[in-house]
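Nothing in this text is a laboratory measurement; each read-out follows from the coordinates by a stated rule. Owing to the predicted nature of the structure, the values given are computational and were not obtained by experimental measurement. Neighbour counts are summed over all protein chains in view; Cβ atoms, including those assigned to glycine, are modelled from backbone coordinates with ideal geometry.
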Amino acid sequence: MSESRIPTDALHRWVDELWLAAGCDAREARLTADHLVGANLAGHDSHGVGMIPKYVLSWLGDQLQLNQQVSVLHDTGAMLSLDGNRGMGQAVTEQAMALAIGRAREHGVCVMGLRRSHHLGRVGHWAEQASAAGLISIHFVNVLSKPIVAPHGGYQARYGTNPFTIGVPVPGQAPLVLDFATSAIALGKVRVAHNKEVPVPPGCLLDAAGHPTEDPGVMFPPAGAPQGALRSFGEHKGYVLAVMCELLGAAVTGGHTIRPETLTHEHAVWNNMLALVFDPARLGSSTSFGHEVEAFVDWIRSSALQPGCAGVQLPGEPERAWRRARAEWVPVDAGTLAQLDDAAARVQAARGSSPGPLSRLAA
Ligand code: NAD
């Protein structure tokens with residue numbers, strides 16, 4: 001399937017204008033554009049502007065609520081429990097993380113629970129917010145949407161792609177950011193493969209009868225047909241991490257775990273997140289930390305390489321390489337472009353204004 005190039009600045013402006021037209025205030029529209037375009041720039045098209053059609057349908061279905069602030073439910077200083085009030089994840093999570101960062105600066109550590117956020121996007125974005133403040137963060141997230149991942153040993157989908165993320169600032173260098181879905185592949189990447197009409201790598205999917213398949217179409221069956229399921233990464237290891245993301249991200253924060261009775265709307269994606277944010281300097285290791293990181297990185301990079309491998313990378317390095325490669329323009333496949341044009345038309349119909357079809361900006 002063909003691919004268009006959209007200049008990065010123009011894409012950011014289009015997303016910003018779309019959400020302004022939908023009724024977001026200037027901060028929310030800008031944060032949403034920063035985050036979604038930022039995910040494309042980091043190479044994660046699965047969590048970039050291609051999410052907009054889902055967000056628009058969720059908003060039109062009165063699920064996603066615009067212009068929300070977080071509410072503080074419990075506050076013991078270093079522990080904060082927040083409600084995202086079904087708000088735009090890109091805005092309420094920024095606010096939640098800013099509160100957690102403030103508390104971690106004050107107390108050395110903050111355990112922050114955020115419940116009832118609409119899709120909060122690329123979780124690495126929030127780890128980067130903490131690491132820009134010199135803080136380590138660890139994130140456990142659950143996903144309330146249609147279940148799409150099968151438990152290890154089962155083949156019926158029971159939960160979501162539950163991301164797990166760790167950000168570590170390194171003095172004088174870029175942060176280390178581990179940030180992945182606990183499924184073998186993110187659903188957004190299956191959507192991108194489906195739109196591009198290409199197979200997914202082996203080991204990622206089961207069809208509706210439980211057989212391994214590389215066909216992304218099993219996750220997007222015709223109406224009424226049964227859906228396949230994603231597998232966990234790393235066999236039982238990804239599965240048990242996903243269970244912990246569900247329980248720490250949702251049960252511990254006061255959010256809902258995924259069950260038939262906690263699902264509300266087919267287009268909404270809700271996230272609950274537990275974030276542990278802390279100041280490594282308060283552990284007294286500041287003088288040795290930089291040296292230890294540098295020495296370890298030198299050691300692992302000295303490994304002989306497998307055939308065809310250009311080098312050993314660190315967590316967060318691939319995203320930085322994508323940012324360099326995509327500074328000028330972002331590729332958008334034809335299927336996603338058509339869905340984005342449709343999303344703009346829906347905003348136009350609902351609100352009487354929109355930035356117009358994205359496809360007119362495509363080269
Ligand atoms: P992925 O499989 O691309 O893995 C990304 C992680 O692995 C990053 O930390 C990256 O730096 C590191 N990495 C990749 N290749 C590497 C290499 N060769 N050497 C060293 N490190 C390497 O990520 P994914 O599972 O497809 O997840 C994509 C995004 O989806 C993440 O940002 C995640 O937060 C997001 N997500 C969000 C939700 C949600 O509900 N909000 C759900 C699932 C996933």
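At a glance:
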{"item": "Bins of 5 Å from zero: percent of alpha-carbon pairs in the stretch 223-266", "result": "5, 19, 15, 23, 20, 12, 5, 0"}
{"item": "Sequence-separation-based contact order of the chain, relative, with Cα cut under 8 Å and 6+ spacing, percent", "result": "24"}
{"item": "Neighbour-count ranking [beta-carbon atoms within 10 angstrom, fewest first] of W299, W329, W59", "result": "W299, W329, W59"}
{"item": "D (Stokes-Einstein, µm²/s), Kirkwood Cα radius, the stretch 127-187, 1.306 mPa s at 10 °C", "result": "123"}
{"item": "Two-decimal Rg/Rh across the chain, once Rg and the Kirkwood Rh are taken from alpha-carbon atoms", "result": "0.96"}
{"item": "Per-residue HN-Hα couplings for the stretch 265-270 [Karplus 6.51, -1.76, 1.60; θ = phi - 60°; Hz; x = Gly/Pro]", "result": "7, 5, 9, 6, 10, 9"}
{"item": "Compactness of the stretch 1-103, expressed as Rg and Dmax over alpha-carbon positions, Å", "result": "15.2, 53"}
{"item": "Compactness of the stretch 116-158 as Cα Rg over 2.2 N^0.38 Å, two decimals", "result": "1.58"}
{"item": "Structure-based [θ]222 nm, the chain - -39500 (n - 2.57) summed over DSSP H runs of at least 4, per residue, nearest 500", "result": "-11500 deg cm²/dmol"}
{"item": "Peptides 235-248, 116-129, 209-222 ordered by average Cβ neighbours within 10 Å, highest first", "result": "116-129, 235-248, 209-222"}
{"item": "Kirkwood Rh in Å, taken over all unlike Cα pairs in the stretch 207-363", "result": "21.8"}
{"item": "Backbone HN-Hα couplings from phi across the stretch 153-162 [Karplus 6.51/-1.76/1.60, Hz, Gly and Pro as x]", "result": "x, x, 10, 9, 5, 10, 7, x, 8, 3"}
{"item": "Average Cα contact separation per residue, the stretch 215-363, under 8 Å, 6 or more apart, as relative contact order %", "result": "9"}
{"item": "Burial order of peptide ranges 281-293, 95-107, 66-78, 347-359 (average beta-carbon count within 10 Å, highest first)", "result": "95-107, 347-359, 66-78, 281-293"}
{"item": "For the stretch 327-334, 3J(HN,Hα) per residue [Karplus equation, 6.51 cos²θ - 1.76 cosθ + 1.60, θ = phi - 60°, Hz, x = Gly/Pro]", "result": "4, 8, 8, 10, x, 10, 6, 4"}
{"item": "Surrounding net charge for D333, when Lys and Arg each add one and Asp and Glu each subtract one, Cβ distance under 9 Å", "result": "-1"}
{"item": "Most to least packed among 7-19, 134-146 [average Cβ atoms within 10 Å]", "result": "134-146, 7-19"}
{"item": "Antiparallel DSSP beta bridges within the stretch 58-116, percent to nearest 5", "result": "40"}
{"item": "Label-point separation in nm, F220 to T262, each point 7 Å along Cα→Cβ", "result": "2.8"}
{"item": "Bins of 10 Å from zero: percent of alpha-carbon pairs in the stretch 172-265", "result": "15, 35, 34, 13, 2, 0"}
